[in-house]
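Only one structure is covered here, and it is reproduced in the block below.
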Amino acid sequence: MWEATFAKMIEKGLIKPFNPRTMAYEYFSFAIYLFFEYFVLKYDDDFDSFTDLALEKMNNHAEFLLEAIKVK
């Protein structure tokens, strides 16, 4: 799904032409890390739920990634 999304964004000239599979791995691997952080490492013990932790961090990550690969 993500690979196809990035491929379509490249096709439309919205982002730089990087390998869409690599971009999908980079994007989705952060979500896996968030699960590991919350359920294994528990660095953010002040959060009551995974959703509270993940939404802000995932939004920040998506914004960073898309800013880095967008066509200027």
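Readers should treat all values here as calculations from the given coordinates under stated rules, not as data from a laboratory. What you see is a predicted model; the values in this text were computed from it and never measured. Virtual Cβ from ideal backbone geometry, glycine too; neighbours counted across all protein chains shown.
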Might you let me know whether the range 9-19 holds any residue that is in a helix (DSSP H, G or I) and touching a Pro at 6+ places or on another chain (Cβ under 6 Å)?
-> yes
Selection from the range 1-43 of residues that are touching a residue at least 24 places away in the same chain (Cβ under 8 Å) and surrounded by fewer than 16 Cβ atoms within 10 Å (Cβ to Cβ) | 2, 13, 14, 16, 18, 28, 31
